[in-house]
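J.: Below you will find the structure I want to go over with you.
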Ligand code: MTE
Ligand code: HPA
Ligand code: MOS
């Protein structure tokens, strides 16, 4: 069968990316008379806006007009849910870098130069910047909430051993290579069309319509591709899109807003930094009996997606371990900093880091290899006699394979031999130390808000047998468009080059969810398959009648349609159907079955299934400088039956390295004035090519496919591998074991060279 399904074919834009020919929003040809926008940003973290004087701005070269809160006829709001993120600050500024006004000019440079001429008078107010400040001043977005199973207090008291600990985990800048960008084109009457770099075109449509005070039907939004998003364009793309639309409507001309890097880093929200503390009860074998976890997260000045992120952090606070009595409390800290937002893993990584800290501490206390403690606490595998144990939020884990997966990885990577060898090596090498760790990942797949798990697709067949494919998902580099084209081509038995991959457009597939929660292929793949089935059924019925064949025996394969004993080309079949006046266009829809969630009881089965993986990381640390590097990484990850093993490997490698950056070199530093000081690559260090470990083995776990009924038995892969990087942090901690006053010092994240040194000297913050 001539299908491209399950084959490691290249990303459809690979050649365009590497030759620089792929068009991103800022590359779309833009009319000469189009206008460019720059933002005027707050230079204080918290204050009353006493006056905004834009007289000099308006007089500057090339300036056409300015926009402030007063120019917004509809809602002055860019927030995804809670209505608490003004497009332009109105009366009050709540973070350093908040947008106060915009300048519209003939060129981007003119707009930027002009913006600097504004005279803004603030009455500064005290700013709450950190989690500690927020706790001290009780500055919370909502009262702390918790999820609990069993009787934690009794469990802790009854446990033979007990331990308390904590970890601080830093935030993360998305550092997508393409910054936030939006183009708005005024249409007939009040209509407006936008090209944006957004994971969520439908939300852009809604927010633009609400700001302009028009109907959703008057706004259309198109996204061909993003140069990376990583969650940073789930809600954060709203602001530039709304402002571009306001400018286009006010001037009647095309208008474009593209953030530069510094601006992007100052204005947009990031991964939430967390402080996690725990109290654990366990036995002499390291079996955890009861666990009480407190998570504090810095949300910034508004909700954004923080509530769902806090929930996902809570729902991953036990990672891959069955814990009979567990309580997780979440405190959403409100600070005068940019509103933190979605970032690959969506709170899951922070939850998992907290749990892996518990395991490492138990192992250190008992003098056990942490892998053994991990294995003793894993959820039982699905085929074990005690399989199907419930999570703390009540979902039975019926698809667990972490036990077999970790065993296989430990064997293949020679974990135990290498650990022994490393311990010995460290005894003879007081300066250059090595460390190794194996950590697991169990990640829940589905939006944790049940309603969002739906998708649509639109498929047309043309009379030459080529296919136009559209769906609600967006392409951010992850390969979604390629995978969906593979699924679509396979359904009709045609190769992928017969399928046109077309930009996401709110006019083609409406009411879409963000492409997020790793569910792009699961949702849009199923919707596309549904559209294809509708079309195939129509074609089969018609063709079977024409050839007086049994409709059940019509098959689509090898670029042909087999009808009874006849084999006609797919193109001819399409032409015949058209001639027979059969519709060759269909929509498809999918809603994930079986998931449910009761927010009041904080119980349910929110995830359709779990994705599993594990990594062994070996590191080296220079004890005198704190410098460290990855020596070798072995990953075994479960993608079910892969739609495209090349793309899946790309996601695993990229996710892991991005996670390693988060936990080692990427550090966000805010000044006492609330200004982000690490606002460019000179001061904010993402991994470079040279940071890729010399040895990086990635294997896909042969699981026989996803037991859940997903598209071609595949599993989501976008976010789960990010959390494999927990092994980097645990390995670093292993490397410094015994070097500080405390045998196993509390190493926070990111474990920068500086952080490692301070930890060794007992000086860490
Ligand atoms: N891969 C690339 N190259 N670029 C990205 O921006 N985003 C990640 C992941 N992989 C991202 C990526 C995030 S946060 C998510 S949720 C998923 O891709 C979204 O796409 P999917 O649902 O199609 O996997
Ligand atoms: N991931 C990403 N975005 C979301 C989610 C999620 O789980 N839930 C709501 N929005
Ligand atoms: Mo991904 S954080 O769900 O966009």
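J.: Report the antiparallel proportion of the DSSP beta bridges in the chain as a percent, rounded to a multiple of 5.
T.: Numbers: 103 of 129 bridges.
Close to 80 percent.
J.: Can you bin every Cα-Cα distance in the chain into 20 Å intervals starting at zero and give me the percent of pairs per bin, rounded to whole numbers?
T.: Percent of pairs per bin, in order: 17, 47, 30, 6, 0.
J.: Hey, fewest Cβ within 10 Å first, where do 689, 400 land in order?
T.: On the way: 689 6, 400 24.
With the sparsest Cβ surroundings first, the list reads 689, 400.
J.: Fully extended, how many nm does the chain gain between residue 632 and residue 463 (0.36 nm per residue separation, minus their Cα-Cα distance)? List each step's numbers first, then the result.
T.: Numbers: separation 169, 0.36 × 169 = 60.84 nm, distance 5.32 nm.
The residue 632-residue 463 span can extend by a further 55.5 nm.
J.: Could you let me know the centre-to-centre spacing of the range 658-692 and the range 227-281, using Cα atoms, in angstrom?
T.: Here the two parts' Cα centres lie 17 Å apart.
J.: Please give, to one decimal in nm, the separation of the simple spin-label points placed at residue 538 and residue 398, each 7 Å out from Cα toward the Cβ.
T.: It works out to 3.6 nm between the two label points.
J.: Still on this structure, I have one more. Calculate the length of the line joining the C-alpha centroid of the range 170-219 to that of the range 58-72, in whole Å.
T.: 20 Å
J.: Using every alpha carbon pair in the range 454-591, what percent of pairs falls into each 10 Å bin from 0 up to the bin containing the largest distance?
T.: Computed distribution, short to long bins: 13, 45, 28, 12, 1.
J.: Please arrange 617, 592, 450 by counting, for each residue, the other beta carbons lying within 10 Å of its beta carbon, fewest first.
T.: On the way: 617 29, 592 23, 450 17.
Neighbour counts put them in this order, fewest first: 450, 592, 617.
J.: For the range 454-591, give the share of DSSP beta bridges that are antiparallel, in percent and rounded to the nearest 5; count only bridges with both residues there. Can you show the working numbers first?
T.: Numbers: 19 of 22 bridges.
Given both bridge residues lie in the range 454-591, the antiparallel proportion sits at roughly 85 percent.
J.: Here's another thing I want to ask about it. Hey, what number do you get for the chain at 222 nm if only DSSP H runs of n ≥ 4 count, each worth -39500 (n - 2.57), divided across all residues, to the nearest 500?
T.: Details: 19 runs with 215 residues, N = 765.
Using -39500 (n - 2.57) per qualifying helix, the result is -8500 deg cm²/dmol.
J.: Here's another thing I want to ask about it. Normalised by the residues of the chain, what does the relative contact order come to in percent, with Cα pairs under 8 Å and at least six apart?
T.: On the way: 1956 pairs, mean separation 115.4, N = 765.
Contact order relative to length: 15 percent.
J.: Sort 360, 558, 77 by Cβ crowding within 10 Å, fewest neighbours at the top. Walk me through the numbers on the way to the answer.
T.: Values: 360 25, 558 16, 77 19.
Least to most surrounded, the residues fall as 558, 77, 360.
J.: Same structure again: Give me the distance in nm between label points sitting 7 Å out from Cα along the Cα-to-Cβ direction at residue 177 and residue 7, one decimal.
T.: Output for this residue pair reads 2.6 nm.
J.: Using a Förster radius of 45 Å, what is the FRET efficiency between residue 741 and residue 261 based on their Cβ-Cβ separation? Nearest 0.05, please.
T.: Details: r = 41 Å, r/R0 = 0.91.
The formula returns an efficiency of 0.65 here.
J.: For the pair residue 594/residue 145, report the inter-label distance in nm, with labels modelled 7 Å from Cα in the Cβ direction.
T.: 2.6 nm
J.: Hey, another quick one. Specify whether the C-alpha gyration tensor of the range 608-745 places it in the rounded, prolate or oblate class, a ≥ b ≥ c being the square roots of the eigenvalues: rounded for a/c under 1.5, otherwise prolate if a/b is larger than b/c and oblate if not. It would help to have the intermediate numbers written out before the result.
T.: Numbers: a/c = 2.30, a/b = 1.64, b/c = 1.40.
The shape class here is prolate.
Just so you know, all these numbers are worked out from the coordinates, no wet-lab data involved. From a predicted model like this one, the values you see are computed outputs, not experimental measurements. FYI the Cβ positions are ideal-geometry reconstructions off the backbone, even for glycines, and counts take in every protein chain you see.
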